[in-house]
Structure formats: structure tokens, C-alpha cells
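Step one of this worksheet: look at the structure below.
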Amino acid sequence: MAASGCRFADLTGSLVAEESKHFDRSTMQAVVAAAAEEFDGDILLVVRDGSKMRVGASEGGGLDAQVILSQCLRRLNELEKQTLDTTTRAFVRVAAEDLENDQLLLIVREQGDVRLASGAGAHGKVREMLNDALQAVGGERRRR
């Protein structure tokens, strides 16, 4: 657990690939911590790393990951039409640069309201990434 009260989960789906040599867990933890501070809400950061799904979460986001991901899937059409503020768009660009991966989703839940922002590499893949992350989160909980 990071010092800021964030937790990090490395969740994989049914397809397990060799660990990416470029993926840096500490960078993902830092991005999640920064998002939690910037947006003052529950955070889920979903990153596709080859065939693996990486999910970083703030404390509240991790506890409610399945609920948040399910909510995003149910409301995906509405969420994709949301106009994102400049801060959110900039945060996603910087996160993609820091992680060296633009196949990412930033999900912020504040007082029940959910916002979804995607990196450039996730366009057209958001539903698939949400489904894979939901399966990974569910699979991780069953293994515990």
C-alpha cells in the first residue's frame, strides 16, 4: 500500500503473458495517488499491458472496483459522450506518458457520479477493456 492510502492491484485475466519488461508498478502507484489527490474521489486506473489488465486503485476504488466497473459498463454510451474538463484530459495524457502506455482508462467516482477518460490507445476498446478489468477483478477476489 502506498503512503497516500492508495492500494495497487496487479490483476490478470485468463490469458497470462510474460511480465512486461517496461511496466513499472511504482509509476502506476504514483499515478493513482496523484489522481486521488487531484480529483478527490475514488480512482480506478485500468491499463492494458499486452494481454494483461493492470488495475490500480485508491482505497475506495479498490474496495468498490466491481461496482464501479459494472456502473461504467451499464452507462458506457452516456460516459463516452461526457465532455471532459481540461484537467482530466491533461491528466490522462501525462499518465500515458509516465506509464509509457496509452491504452488506459481513468475512472473517477465522486459522490456517486462517475467520469471515464480514456487514453488515445484505448479509443474503440473501452468496452472490451472494462469487461476484461471486471473479469480480472472478479477473478482476483475468487482466488483470495
Estimated inter-spin distance, Gln111 and Arg89, nm [label 7 Å along Cα→Cβ]: 2.5 nm
In nm, give the distance between the simple-model label positions of Ala120 and Thr27, each being 7 Å from the Cα along the Cα-to-Cβ direction. 1.6 nm
Note the full-extension length gain between Asp64 and Glu78 as 0.36 nm times their separation in residues minus their Cα-Cα distance, in nm to one decimal. 3.0 nm
Extension gain (nm, one decimal) between Glu37 and Arg127, 0.36 nm per residue minus Cα-Cα: 29.7 nm
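Each reported figure results from applying straightforward, stated rules to the coordinates on display, with no laboratory input. Remember, predicted model here, so these are calculated numbers, not experimental data. Please note: Cβ atoms are built from the backbone with ideal geometry, for glycine as well, and neighbour counts cover all protein chains shown.
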